[in-house]
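Notes follow once the structure below has been shown.
The values are calculated or read from the model by the stated rules, or taken from the named source; none is laboratory data. What you are looking at is a predicted structure, and each value in this text was computed from that prediction instead of being measured. So basically every Cβ, Gly included, is an ideal-geometry build from the backbone, and we count neighbours across all protein chains shown. Note: areas computed on protein heavy atoms with side chains; ligands, DNA, RNA excluded. Shrake-Rupley method; radii C 1.70, N 1.55, O 1.52, S 1.80 Å.
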Amino acid sequence: MSTTWLLTGGAGFIGANFVRFVLANRTEVSIINHDALTYSGNLENLAGLEDDPRHEFVKGDILDAGLVRSLIERADAVVHMAAESHVDRSILDSKPFIDTNVGGTQVILDEARKVGGRRVLLVSTDEVYGALPLDRPDLLFTEETPIAPNSPYAASKAAADVLVRAYHHTFGMDVVTTRCSNNFGPYQFPEKVIPLFVSNLIEGKKVPLYGDGLNVRDWLHVDDHCEAIVRVLEDGTAGEVYNVGGNNERSNLELTRMILELMGCGEEMIEPVADRLGHDRRYAIDASKIRRELGWEPTRSAWPGALEETVAWYRENDEWWRRVKSGAYRDYYAQQYGE
Ligand code: NAD
Ligand code: DAU
């Protein structure tokens, strides 16, 4: 039976990969892709899909309630991932994060409630849990870990996350939430550490490593995240949260050294820079619930192979990131890292 999913934020990194994943793996699903094309949304991420009858792109802001409602009316379910997504930008200016991540989620929930009968999945993040210490490798985020966000970005995502919870509790809405760790893969905006470092090295520039470089992230290939979203949308229990992670913890220094090696560069290309304000020390996910209840397993995330493929993608697709880096992104780079 054919079915239609409304996707918000589908011209960004995870969104574009999600569209490709669903079109390839769910032949009965069509996608309405609703995206405002902010600085990180890029139609080039969707190149080749222009003539696919199962993909319709609609440019628009999730704060436009009338548009959101008309799109939800045409869909059977909603995958909501439109967001301001970069921690450093939230430190420079948190307003767009509150507007889109909190206000936009409220619009999605209210319009879905008015239309009725549609499951809404929120793509949340492990950053809502705050940070773990380095000296307790036994500690992992579980779905019961208290919400304790540390950056304005994480706080805005946490607000969206608990709004979803509240709409389930108050109105009995059919909602599900995923909280995933750091993604890597093609089409990631080159403000995020992996594409930033790879593209800098290709340009002959050093890589700006924050603080002591010992902060830890749990890296998952974007296609494994997309598969988790599909599984939770299709079979997750209403009102539940599902952690998604790769059991792939790496310090930033370890990641940087791997990238340097893959690029044939030495450690002199590391530029130690001032630490991110409030920099979360470690994220690590316990994903046993989604494994146990939905049978999800990461199958594309193993390093070094998966990292090597991603680095190769940025090397082979330099026109894509060169165009991105040559635009307004240059002003942000100068503000964040200095001239
Ligand atoms: P991204 O910045 O690459 O993409 C965000 C997309 O949302 C862009 O296409 C942008 O144009 C769109 N958008 C922004 N504001 C909008 C608005 N007001 N109306 C409509 N569209 C708007 O981000 P990403 O890395 O692809 O992240 C996608 C989602 O996944 C976010 O919700 C993020 O919090 C979450 N997430 C990301 C990661 C990760 O590692 N990247 C991990 C866990 C969760
Ligand atoms: O954990 C999930 C989150 O992962 C998502 O919710 C966010 O949307 C996504 O941006 C990502 O957040 P991070 O802050 O972890 O990702 P980022 O790529 O910005 O940074 C990864 C690590 O690398 C972090 O510890 C900071 C460090 N870093 C980052 C940049 C941009 C540097 O050392 N230098 C840099 O220039």
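Worth pointing out:
- When region 43-60 is limited to residues that are over 18 Å from Trp320 (Cβ atoms) and of a type in the set (D, E, K, R), the one that is nearest to ligand 1 (Cβ to nearest atom) turns out to be Lys59.
- Positions within region 264-323 being within 16 Å of ligand 2 (Cβ to nearest atom) and open to solvent by 50 Å² or more (accessible area, probe 1.4 Å), in sequence order: Glu267, Glu271, Pro272, Ala274, Asp275, Leu277, Gly278, Arg281
- A single member of Val230, Val176, Val198, Val222 is of a type in the set (Val, Ile, Thr), over 29 Å from Gly295 (Cβ atoms) and crowded, with 19+ Cβ neighbours inside 10 Å, and it is Val198.
- Looking only at region 1-33, and only at residues there that are small (Gly, Ala, Ser) and within 16 Å of ligand 2 (Cβ to nearest atom), the one that is nearest to Val193 (Cα to Cα): Gly12
Conditions tested, residue by residue: (1) outside any helix (DSSP H, G or I); (2) within 16 Å of ligand 1 (Cβ to nearest atom); (3) open to solvent by less than 20 Å² (accessible area, probe 1.4 Å).
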{"position": "Val22", "(1), (2), (3)": "no, yes, yes"}
{"position": "Ser30", "(1), (2), (3)": "yes, no, no"}
{"position": "Thr38", "(1), (2), (3)": "yes, yes, no"}
{"position": "Gly41", "(1), (2), (3)": "yes, yes, yes"}
{"position": "Ile62", "(1), (2), (3)": "yes, yes, yes"}
{"position": "Leu67", "(1), (2), (3)": "no, yes, no"}
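- Given (1) at pLDDT 95 or above; (2) away from ligand 2 (no atom under 14 Å from the Cβ); (3) not in a strand (DSSP E or B), index of the condition Pro96 fails: (2)
- Single residue of Tyr210, Tyr153, Tyr167 found to be open to solvent by 10 Å² or more (accessible area, probe 1.4 Å) and within 11 Å of ligand 1 (Cβ to nearest atom): Tyr153
- Complete set of residues in region 111-146 that are open to solvent by less than 30 Å² (accessible area, probe 1.4 Å) and over 19 Å from the mean Cα position of the chain (by Cα): Glu111, Ala112, Gly116, Leu132
- Listed by first and then second residue, the pairs with beta-carbon distance under 7 Å, at least 6 apart or on different chains, first residue in region 241-258 and among the β-branched types (Val, Ile, Thr), second at pLDDT 95 or above and open to solvent by 20 Å² or more (accessible area, probe 1.4 Å), are Val241/Glu143; Thr256/Ile270.
- Among the residues examined, Leu49 does not qualify as under 17 Å from Val68 (Cα atoms) and either open to solvent by less than 20 Å² (accessible area, probe 1.4 Å) or assigned to a loop (DSSP other than H, G, I, E, B) (or both).
- Residue in region 89-97 that is more than 15 Å from ligand 1 (Cβ to nearest atom), touching a residue at least 60 places away in the same chain (Cβ under 8 Å) and either surrounded by 15 or more Cβ atoms within 10 Å (Cβ to Cβ) or hydroxyl-bearing (Ser, Thr, Tyr) (or both) present: yes
- Residue count for region 53-77 under the criterion of being within 16 Å of Arg113 (Cβ to Cβ) and not charged (D, E, K, R): the result is 9.
- Candidates Ala75, Ala47, filtered to the one that is within 30 Å of Arg300 (Cα to Cα), away from ligand 2 (no atom under 15 Å from the Cβ), hydrophobic (A, V, I, L, M, F, W, C) and free of Cβ contacts under 8 Å to residues at least 24 places away in the same chain: Ala47
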